[in-house]
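For reference, the structure discussed in these notes is given below.
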Amino acid sequence: MEEYPLTVQSRSVVRVRVPAKINLHLGVGPLRDDNFHDLATVFHAVSLSDELTLEPGPPGVRLILDEPAVDLSAEGAPTDGIRTDGVPTDARNLAVRALYALADAAKVEPAVTIRLRKGIPVAGGMAGGSADAAAALVAGDALWNLATPAERLHTIAADLGSDVPFALHGGDALGTGRGERLTPLTHPYRRHWVLAVAGKGLSTPAVYAETDRLRGTDADASDPAAVIKALDDPDPAALADALCNDLQAATLSLRPELADVLTAGTAAGALAGIVSGSGPTCAFLAVDADHSAQIADRLRAAAVPGVSAVLVAHGSVDGARLTVED
């Protein structure tokens, strides 16, 4: 058994907030030999967050899920429709795995307690689990005074999951490879969103498997160029026209009722709607903050079957960030 050097923790608590993501473009290419797909995706971090608090604890990594879900939307919208059942609190949780991976890389003996508050839909296609892993890396690095180089954190994040590196960085980025290779995209415009959260999650592997069934395993990824160009256009209608998700057909095949959610969002006035990632959360683009509030009110009033919460958010926002260090 490997021995870790004794490490003194100089902080008693570290708190990190980390955003959800929307894929403005999700191009899915052929199935690779490692059972991942080549991707060409445009990530967009939005102002819906999970909050992770790290404290010294007994040996190992313990995770406590704080319930009920709290308001972690920058717009102050209620998040009480975010369910937390099904979130693992053992080594299946990516945040727990992230701290063990960081401790192993730094030769630190892990002895921490995680308190996790969910504001990102669970199994909703918004990378909530990956976001928690990124938050754990940032929090662990601060708690243990590691000053890990950004490139090293990125490498550890990529080993944990394809979406984890983006959750570290936030903003907007082109993701290639399996999504872990990032090229930052910069633009001056804030985008406004309404998110229709499903009451029941959806398995990402199941959606990819259904995509392969529907179109074969060697299909090419759609081109993200139109979305990248639209990010530089001040008119949000340009982005609305460019939104694209190669997984959407498979998600609708597995959950046909989501077609009614997409229809309800556009009927409520959205410029466009798209399934977020592998779903089942649906994201609707608005003109501005007032417009997003109007759309959200109409969607709530419509009481669309299967929708457990309607949230508002904006993007892009920063990635995992410290909010408390004591």
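The values are calculated or read from the model by the stated rules, or taken from the named source; none is laboratory data. Because the structure is a prediction, the values reported are computed rather than measured. Note that we place each Cβ from the backbone using ideal geometry, even for glycine, and neighbour counts take in every protein chain shown.
Are any of the residues in the stretch 221-230 surrounded by fewer than 14 Cβ atoms within 10 Å (Cβ to Cβ) and touching a strand residue (DSSP E or B) at 6+ places or on another chain (Cβ under 6 Å)? No, that holds for no residue.
Inside the stretch 275-324, residues that are among the aliphatic types (A, V, I, L, M), farther than 24 Å from Ala238 by Cβ and either in a helix (DSSP H, G or I) or assigned by TED's automatic domain parsing to the domain that holds Val46 (or both) make up a count of 2. Scanning for something touching a residue at least 60 places away in the same chain (Cβ under 8 Å), assigned to a loop (DSSP other than H, G, I, E, B) and within 22 Å of Ile120 (Cβ to Cβ), does the stretch 204-219 turn up at least one residue? Within the stretch 204-219, none of the residues are touching a residue at least 60 places away in the same chain (Cβ under 8 Å), assigned to a loop (DSSP other than H, G, I, E, B) and within 22 Å of Ile120 (Cβ to Cβ).
For Leu102, the conditions (1) touching a residue at least 40 places away in the same chain (Cβ under 8 Å); (2) part of a loop (DSSP other than H, G, I, E, B) all hold with the exception of (2). Residues of the stretch 177-191 that are in a strand (DSSP E or B) and over 15 Å from Ser276 (Cβ atoms): Arg181, Leu182, Thr183, Pro184, Leu185.
Considering Asp235, Asp241, the condition of being of a type outside the set (A, V, I, L, M, F, W, C) and touching a residue at least 24 places away in the same chain (Cβ under 8 Å) is satisfied by Asp241 alone.
Against the list (1) buried (at least 20 other Cβ atoms within 10 Å of the Cβ); (2) not assigned by TED's automatic domain parsing to the domain that holds Ala95, the condition Pro165 fails is (2).
Among the residues of the stretch 168-183, not a single one is crowded, with 19+ Cβ neighbours inside 10 Å and hydroxyl-bearing (Ser, Thr, Tyr). Within the stretch 167-186, residues that are polar (S, T, N, Q) reach partners that are modelled with pLDDT of 95 or more with beta carbons closer than 7 Å, at six or more positions or on different chains, in the pairs Thr176/Leu39; Thr176/Ala40; Thr183/Ala173; Thr183/Leu174. Looking for something surrounded by 14 or more Cβ atoms within 10 Å (Cβ to Cβ), modelled with pLDDT under 95 and either outside the structural domain of Thr148 (by TED's automatic domain parsing) or touching a Pro at 6+ places or on another chain (Cβ under 6 Å) (or both) - is there at least one such residue anywhere in the stretch 102-111? Checked against the condition, which is being surrounded by 14 or more Cβ atoms within 10 Å (Cβ to Cβ), modelled with pLDDT under 95 and either outside the structural domain of Thr148 (by TED's automatic domain parsing) or touching a Pro at 6+ places or on another chain (Cβ under 6 Å) (or both), the stretch 102-111 yields at least one hit.
Residues checked against (1) closer than 16 Å to Asn23 by Cα; (2) crowded, with 21+ Cβ neighbours inside 10 Å; (3) of a type outside the set (A, V, I, L, M, F, W, C):
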| site | (1), (2), (3) |
| --- | --- |
| Leu254 | no, no, no |
| Thr263 | no, no, yes |
| Ala283 | yes, yes, no |
| Val287 | no, no, no |
| Gln294 | no, no, yes |
| Ala302 | no, no, no |
| Pro305 | no, no, yes |
| Gly319 | yes, yes, yes |
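Residue count for the stretch 109-137 under the criterion of being more than 15 Å from Glu55 (Cβ to Cβ) and of a type in the set (A, V, I, L, M, F, W, C): the result is 9.
For Gly140, are the conditions met, namely being crowded, with 20+ Cβ neighbours inside 10 Å and within 30 Å of Asp241 (Cβ to Cβ)? Before the answer, list the steps.
Numbers: crowded, with 20+ Cβ neighbours inside 10 Å: yes; within 30 Å of Asp241 (Cβ to Cβ): no.
So Gly140 does not fit the description; no.
Consider Thr323 carefully, then state whether it is at pLDDT 95 or above and either at positive phi or surrounded by fewer than 17 Cβ atoms within 10 Å (Cβ to Cβ) (or both). Here the answer is no, as Thr323 does not meet what is asked.
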